[in-house]
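To start, the structure under review is shown below, and the notes come after it.
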Amino acid sequence: MTSTAPSSTSAAATRVAFLHTGAVVIPPVMELVGEQLPGLSTVNYLDDRIVPDLADPAREASVPDRLADLAAAAKSAGADVLMFTCSSISHLAASTAEKAGIPVLRIDEAMADEAVAGGGKVTVLATLPTTLNPTLALLRERAELAGTQPELSSEVVPGAFEAVAGGDRATHDRLVAEAIERHAPDSDVVVLAQASMASAAEASQVTVPVLTSLRPGIARLAERVQAG
């Protein structure tokens with residue numbers, strides 16, 4: 001579905017905060033916001049230790065309160081809504097909203113809705129184990145709401161995260177593209193669980209849809225802003 005961008009007046013009347021767990025996703029998110037929501041007032045928050053801390057038993061319990069603190073800061077800064085741009089924390093959106101008293105959107109929700117709409121076989125690819133289970137949980141949640149029963153399978157792509165973390169985007173994209181092409185013959189839809197994986201979709205040559213979160217997520221945000 002193609003969204004009509006809201007007028008600059010309605011966008012300017014709204015402030016949206018974005019909470020990121022990696023700096024790499026900020027430029028593409030802001031580019032899409034500028035394209036779909038011209039004039040929108042934005043504020044970005046970054047905690048680049050959240051994902052590794054989710055995998056650390058000694059620190060995992062600190063994450064919900066940290067997210068709530070950042071959401072409270074966003075509210076204090078005048079944000080009308082907060083969007084999580086990381087799939088690893090999607091499952092904490094509702095509890096964060098409740099604590100902070102501000103709506104919290106998930107950038108991957110629109111992608112999940114599209115993935116499960118027709119049921120069928122959905123393959124989820126991630127580069128981090130901490131992202132995989134939250135994405136699968138989101139797909140099951142949205143499938144239940146849609147009344148569908150997709151068959152879910154998944155893989156954490158070996159070596160891809162290490163490559164991009166080391167600045168080697170080309171190797172990351174190649175490894176993810178190879179995984180897409182490996183799973184596509186047995187899938188109706190391939191889902192890339194992390195926003196940082198979006199660039200790899202263009203490197204793959206497959207006939208099934210390869211879904212990423214950024215563009216549909218910002219399109220849904222635009223619809224919300226337009227609706228007031």
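The values are calculated or read from the model by the stated rules, or taken from the named source; none is laboratory data. Keep in mind it's a predicted model, so treat the numbers as computed, not measured. All Cβ positions, glycine included, derive from the backbone under ideal geometry; neighbour counts span all protein chains shown. These area figures cover heavy atoms from the full protein model, side chains too; ligands, DNA and RNA do not enter into them. Shrake-Rupley method; radii C 1.70, N 1.55, O 1.52, S 1.80 Å.
The table below gives the values:
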{"item": "Residues located in the stretch 186-198, provided they are part of a helix (DSSP H, G or I) and open to solvent by less than 10 Å² (accessible area, probe 1.4 Å)", "result": "MET197"}
{"item": "Inter-residue pairs, beta-carbon under 6 Å, first surrounded by 12 or more Cβ atoms within 10 Å (Cβ to Cβ) and in the stretch 141-167, second β-branched (Val, Ile, Thr) and not in a helix (DSSP H, G or I), 6+ apart", "result": "PRO150/VAL122; LEU152/VAL122; SER153/THR123; SER154/VAL124; VAL157/THR127; ALA160/THR127; PHE161/THR127"}
{"item": "The lone exception for VAL122 - which of (1) open to solvent by less than 20 Å² (accessible area, probe 1.4 Å); (2) assigned to a helix (DSSP H, G or I); (3) among the hydrophobic types (A, V, I, L, M, F, W, C) it fails", "result": "(2)"}
{"item": "Test set (1) within 11 Å of LEU125 (Cα to Cα); (2) touching a residue at least 60 places away in the same chain (Cβ under 8 Å); (3) surrounded by 22 or more Cβ atoms within 10 Å (Cβ to Cβ) - HIS183 fails condition number", "result": "(3)"}
{"item": "Filter pass, ASP69 being out of contact with any strand residue (DSSP E or B) (no Cβ under 6 Å at 6 or more places or on another chain), charged (D, E, K, R) and in contact (Cβ under 8 Å) with a residue 40 or more places away in the chain", "result": "no"}
{"item": "Candidates VAL29, VAL33, VAL25 - the one that is at pLDDT below 95 and assigned to a helix (DSSP H, G or I)", "result": "VAL25"}
{"item": "Verdict on ALA219 being out of contact with any helix residue (DSSP H, G or I) (no Cβ under 9 Å at 6 or more places or on another chain), open to solvent by less than 20 Å² (accessible area, probe 1.4 Å) and in contact (Cβ under 8 Å) with a residue 24 or more places away in the chain", "result": "no"}
{"item": "Subset tally (residues that are in contact with a Phe, Trp or Tyr (Cβ under 8 Å, 6 or more places away or on another chain) and open to solvent by less than 10 Å² (accessible area, probe 1.4 Å)) for the stretch 71-83", "result": "3"}
{"item": "Members of the stretch 142-165 that are at negative phi, in contact with a helix residue (DSSP H, G or I) (Cβ under 8 Å, 6 or more places away or on another chain) and outside any helix (DSSP H, G or I)", "result": "THR148, GLN149, PRO150, LEU152, SER153, SER154, GLU155, VAL156, VAL157, PRO158"}
